[in-house]
Amino acid sequence: MRRRLLLLSLAARRSSVSLQPRWGRRCCCCCAPASVRGPSGSPPGRRLLSTPIFYANGSPHIGHLYSALLADALHRHRQLHERGGRLATGTDEHGLKIQMTAAAAGSLPQHFCDRVSAEFRGLFAQAGISYTDFIRTTEPRHRRAVEHFWATLRDRGWLYRANYEGWYCTAEETFLAASQVTECPDTQGNRHTVSLESGHQVHWTKEENYMFKLSEFREPLLRWLQESRLTVTPEPFYQQVLQWLKQDLPDLSVSRDRNRLQWGIPVPGDSTQTIYVWVDALVNYLTVVGYPEAHHDWWPAACHIVGKDILKFHVIYWPALLMAAGLDPPEQIFVHSHWTVQGQKMSKSLGNVVDPRACFQQYTVDGFRYFLLRQGVPDRDCDYYDEKVIKLVNSELADVLGGLLNRCTAPSLNPSGTYPRFSEACFPRAVGTQNRKGLGKASTEDYKLVSSVKELPLQVSSYFEGFQVYKALESIVDCARQTNGFMQRHKPWKLSREDPSQQQWLDTILHVTLECLRIYGLLLQPVIPTIADKLLSRLGVGPSERSLRTLTFLSRYQDEQCPFEGRYLGPDTGLLFPKLEKPKARNHGGL
Ligand code: MSP
């Protein structure tokens, strides 16, 4: 609370209009008193996760899918912990880029956006993105929110009219400083000015615009960021933002001449200007939670997942705009790097854009979800090539996980088709780090396995919440490999069911393996929901037994009842993940 008031007062000191903090007060339209609210002022369970809203100027590619998958996996993970919350996604439909692309396609911008937005929706349905809200910036509810937001900025004195001169990059819909552009010859030898970062051409823009007093938010932004290092994750991006804030922070042009840009929301009260597409787009996060009337229960408990190219918009412009409007900055911003293809940036001109729908067809939806989330490391760019997908999913999903399930459900080893009994005599409880060597049949490695799997759910949760889904998957696979090692070590197929002591040990090995598999199935639900469902159904784990909040592991080892012991396994519906064939040479083009 003190931090928020400080931010506000800092901003207020510089503003000619006083800021009205909403913290610690009852707002006019939501009725819960502060005491029943969560740490950020929102009731517990009311947390918003968001993907960026995707430009409706072209078909989705695997980079877009990756942003959405990270958000989906985190949302599903939270749902399994029964933490509630919403997942918002959608399409960004205004701006010069879309106006020009639609014109080039001989289409009306609205028709063009309808088509592309439907493509994103279709892809997300196929990919199993479990969004709760899909927002389009051309919707009336969004226009209302943007108009209200603009009017608030204006009424609080944060906007002024001025002649703006500068470089504008239409491809990125952004203004660039002189230090961010360079001259570059094209194929005909003509010199063009281009963005240093993206290589896109920029144009000198000179017009009268509305400016936002961004320069006044340098200090409040720094304080907000320094207050919690976890606001921007991973760390290198946090450091990058601090670096930016050490430099000059010029005011931001937040409107365009309507003669130049008609495809956007007009400035309220001034029909000669159109609101800058990034201000329009960022407000989507408020629109989905009911701004301007009903957002108080949800805001600022928001976590935005964004690619590194749009970091500045989310960590500098957006929080500054929010503070100016009298709202808190979002709680967290998770940043991810980009996918390249065989070492190159994905681009239409290079013809190397990877179509996610073709990937689903080739590797299955869950296979491809697994690949992107297992291989994608947020801190650095990841390189895509087909052979890598096949190698990874065949090895981890088919061999490690599928192999393990096959082994312990095979009729030769498990003729009764049940979750067999655990014998304490064979696997006595270890006291501290000491196992009861000599008493049972379990080895030191077996105790290590049990302790690794016992710790796994907590570890996986903390990886998810730390935006390291790839590490969560790595640790699950690592445990699954250890479980295969456990089977391999004890070779249950060499034990005889005729001999009661061997049978007890055989059943215990199967029981422990099935328990491990059950944990892996539960933990994999957010990433590969279909395969996890198949695995859990095969183990006979019912829908109400799949929550991560109430998860237990190897209860019998803890001297507790195991609800699965003795239960029949579910039906055998075939291989968990049939191995993928090597692809025929594929042209990545087509988008
Ligand atoms: N419309 C803006 C976002 C507005 S949010 C208020 C935008 N759209 S985008 O379609 O260009 O990008 C959407 C997301 O896709 C961004 O997070 C971006 O980083 C991500 N990706 C685009 N290309 C990518 C890769 N090659 N790899 C990974 N993600 C990439 O920006």
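Assorted remarks:
- Percent of C-alpha pairs per 20 Å bin, the chain, short to long: 18, 46, 27, 9, 0
- Length gained on full extension, Asp251 to Glu455: 68.5 nm, using 0.36 nm per residue less the C-alpha separation.
- For the residue pairs Lys454/Lys582; Lys345/Lys471; Lys491/Lys579; Lys391/Lys491; Lys97/Lys312; Lys494/Lys579, the C-alpha atoms sit more than 31 angstrom apart in Lys454/Lys582.
- Couplings for the stretch 355-362, taken from phi via the Karplus curve 6.51 cos²θ - 1.76 cosθ + 1.60 with θ = phi - 60°, read 7, x, 5, 5, 5, 4, 5, 6 Hz in order; Gly and Pro are left as x.
- Computed from Cα positions, the angle between helix 218-227 and the longest principal axis of the chain comes to roughly 10 degrees.
- Positive dipole terminus of the chain, leading residue within Pro428, Leu522, Phe120 (C-beta point charges): Pro428
- Ordering of 381-392, 529-540 by packing is 529-540, 381-392, highest average first (other Cβ atoms within 10 Å, averaged per residue).
- Against the chain, whose longest principal axis comes from its Cα atoms, helix 469-490 is set at around 10 degrees.
- Interchain or long-range residues, amide H under 5 Å from Asp381's placed H: His338
- DSSP bridge pairs, the chain: antiparallel proportion in percent, nearest 5: 60 percent
- A cut-off of 5 Å between modelled amide H atoms, ignoring neighbours fewer than 5 places along the same chain, links Thr174 with Cys169.
Every number in this text was worked out from the coordinates using simple rules, so none of it is lab data. Keep in mind that this is a model prediction, so the values were computed, not measured. Here the Cβ is made from the backbone with ideal geometry for all residues, glycine too, and neighbour counts use every protein chain on show.
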